[in-house]
1. Please list, ordered by chain and number, the residues whose modelled amide H lies under 5 Å from the amide H of F311; skip anything fewer than 5 residues away on the same chain.
2. Nearest-5 percent of antiparallel DSSP beta bridges in the chain?
3. Rounded to the nearest 500, what is the 222 nm mean residue ellipticity of the chain from helices alone, with -39500 (n - 2.57) per DSSP H run of 4+ residues and division by all residues?
4. For region 83-140 and region 198-265, what is the separation of their Cα centres, given in Å?
5. Provide the per-residue ³J(HN,Hα) series for region 261-275, in order, calculated from phi with Karplus coefficients 6.51, -1.76, 1.60 and θ = phi - 60°, each as a whole number of Hz, with x at glycine and proline positions.
6. Sorting D235, D108 on the 10 Å Cβ count, fewest up front, what's the list?
7. Note the full-extension length gain between S208 and N239 as 0.36 nm times their separation in residues minus their Cα-Cα distance, in nm to one decimal.
8. Stokes-Einstein D for the chain at 4 °C, 1.567 mPa s, Kirkwood Rh over Cα pairs, in µm²/s?
Amino acid sequence: MNLLLKPIGLFAALAAVTVSRPAIAEDADQVNDRPLNLKVVPAFPNIKWPADATGVGEGLIQDVRPIIITGAGDGTNRIFVATQPGMIYVFPNDPAADEIRLFIDLRDRIHYRVPQENEEGFLGLAFHPKFKENGEFFVYYTSAYNNEADRHSVISRFRVSNDDPSRADPASEEIILTIPQPYWNHNGGTIVFGPDGYLYVGLGDGGSGGDPHGNGQNLSTLLGSILRIDVDRRDPGLNYAIPQDNPFVGRSGARPEIWAYGIRNVWRIAFDRQTGVLWAGDVGQDTWEEIDIITRGGNYGWNLREGMHPFGDRGSDPRPDLIEPIWEYHHDVGKSITGGNVYRGQAVPELNGAYLYADWVGGQVWALWYDFDAQRVTANRPVVKKGAPVMTFGEDDAGELYYATQEGGLWKFEP
Ligand SMILES: [Ca+2]
Ligand SMILES: [Ca+2]
């Protein structure tokens, strides 16, 4: 008798839930995908790249490959642009700016071999929240080596020069963390300070293809994770400290630096400066590119899931412990996501609250809006279709947004 009663009871409960649902408008789940009518213009039309940014590498003229655009948050309203070969340049945040200066040249310690190994080089730059007072900034690069088995990611602290605050001192380097890298690809590369003052580090799964070592799901390696570390203090034996509220502190076999895992190769993570939400673009393997909202201790599924789909022979159906992306796009649309920032500037009201992102290969830029209460994307609107690969997005100190293309273009949006 119970065998019959149980399913009937369950069915009745489901029916009650269904009946109590409010009526839903027919188009409530539709995503607005209408193109946004914005202009994209050169942000600093009078800036000319110096010869050392466009020089000859392996017999070919190099693309500039701007990899970071940022302000320093120090009240000086300057723009810093770092390039993948390992230079950081600085100029006034003024559309009329025509003088660009070298801030620091780190090429002597960086492994950079493009186009063959185009995911290495200088990858990350973050100014300390108190840069104005302490002159500290942090970088992420893949280090020079003599032997391929010695590939490493390096995160270091540098300081501005005592003699000239418009230059940084290459001799001031203090290495914070080095991470062995088994392959040239999937190094992640973003470093960014959170609203909590800790440094977040986006790492890839180590490389090759398909995550052959299973690093994404392995909490005993830093690879395939987003880290959270305290660069203002030191724990014994470390050049940084572990925030004690990190999710895996005290768990046997887990690295306490890890904030979130199941990551394939986040190409750009960024905090929304208004809400503090951490956004990530995670590059896909064969078929799906994805956007994630990163939360404490979250497992983002790689290499069991690619986008919202099982990956490979051991692929998993959706599981409660695997956090799905909020958005994905197929490789018919693009091949490699470049995650950006949430727009909180004043110049382009049409973009207010949008997450800007692009496809590196196709050069397409989109503005995406997400409803956190309904937990769904409400709009994903193409902004512009440019031919050139989009390397990175960045914000100035006022929250105005820029993006860079591979050949050296620095762009902004206009209403
Ligand atoms: Ca690697
Ligand atoms: Ca994922």
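Values quoted throughout were computed directly from the atomic coordinates according to the rules given, and no laboratory measurement underlies them. On a predicted model such as this, the values are computed, not experimentally measured, just so you know. Cβ sites come from the backbone with ideal geometry, for glycine too, and all protein chains shown count toward neighbours.
1. R305, E306, S316
2. Details: 92 of 95 bridges.
Percent antiparallel among DSSP bridges in the chain is about 95.
3. Calculated mean residue ellipticity at 222 nm is -1500 deg cm²/dmol.
4. Spelled out, the Cα-based centre of one part sits 24 Å from the other.
5. Calculated HN-Hα couplings, in order: 8, x, 9, 8, 6, 5, 9, 5, 10, 7, 8, 5, 5, 8, 9 Hz.
6. D108, D235
7. Extending this stretch completely gives an extra 8.2 nm.
8. 58 µm²/s
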